[in-house]
Amino acid sequence: MRPASSAAIRLAMMILLAAAVAFCSSVSARELIESRESTYNNIYVHKDGPIYAMSFGHNRRFYTETIYDSRDELVLPVVYTRFMTAGLAYLGKPASSLLEIGFGGGRTAWYLHKHFPDLDITSVELDPEVLELAIKYFGVSNQENFDVQVADGRRYMQRQTDRRWDIIMVDAYRGPFVPFHLLTTEFYALAKRRLSDGGVLVQNVEPTTMVFEAALKTVGSVFANVDLYPAQGNVVMVAYDGPSLPRDILLQRAEAVTKSADLRYPLQDMLAERRIVNRLPETPALTDDFAPVESLLAIERHNRKLDDYAKP
């Protein structure tokens, strides 16, 4: 092998230096623009060009809550948030009301608000500083039919004795786990009472530990049907009563809703990932008296895999 010439070596060094400079520039472009220690969270907001990200720090780890592309308010960069809209396909009528528990940066609720301006959306966020940062950096604002309440989501539902919603979406996390009181049979029974006839519950659940099994068993003990939608590391559950909806009916409804609202993310594409839960795990259901969410998070042994639930 011929030795490399000094000119070739200099050229290679220049290329490596340019690559290193480009890499360092891309890393440094991600700027921490604000951080806060609230009563509930350590909150961080980063900016990388037009992209804003909110994350929470928990036990020396960081968990992304929201990503916002300020160039286009209808973009949902986090895939599972797109699947949170799948519940729209399950309704036999146009949705008129929606309750979201866990507002975060507000991007899912805002996406729905822009596509369905007549849909009465109420979002509930526990942390007032999260809401303040969402308004400051993530392109949401107070508008007609778009109401954000600062409260605990379950307590809010308990107080709304005269209200019913077509869709209840639950996307509340603290670090890596869903707060235990949003995963119990009592919580799901309350949500069921607050749904209108034919309404659906949609929830984002961590899929890699026994929390997934426990949540699936618990929601399945309250609702007649549970469908699962894997979404790049997350799983979205859709729970509803009545007979199981066949694929052709769901597809027909999904296409109609997508067309009428000109949805950025077609519901019919999501249905291709649907998995019907035809048997529940043997793990005990969670109750208010027994909801060891944090310990279940650490246990991966015996956890059923999502692949056990086949596509229809």
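Structure summary
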{"item": "Inter-label distance, nm, simple model (7 Å from Cα along the C-beta direction), N142/K93", "result": "3.1"}
{"item": "For the stretch 147-164, Karplus couplings with θ = phi - 60° (6.51, -1.76, 1.60), whole Hz, Gly/Pro x", "result": "10, 10, 10, 8, 5, 6, x, 5, 5, 4, 4, 4, 6, 8, 5, 9, 9, 9"}
{"item": "Residues of the stretch 147-162 with amide N under 17 Å of the 7 Å Cα→Cβ point at R193", "result": "153-162"}
{"item": "Surrounding net charge for S97, when Lys and Arg each add one and Asp and Glu each subtract one, Cβ distance under 12 Å", "result": "-1"}
{"item": "Pairwise label distance in nanometres, L74 with R264, each label 7 Å out on the Cα-Cβ vector", "result": "0.8"}
{"item": "Two-site label geometry, A272 and T64: point separation in nm, points 7 Å out along Cα→Cβ", "result": "2.2"}
{"item": "Pairwise FRET efficiency - R155 versus L251, Cβ, R0 = 51 Å, nearest 0.05", "result": "0.85"}
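Since every read-out is calculated from the coordinates, none of them should be taken as a lab result. Worth saying up front: this structure is predicted, and the values here are computed from it rather than measured. Here Cβ is always computed from backbone atoms with ideal geometry, including for glycine, and neighbour counts include all displayed protein chains.
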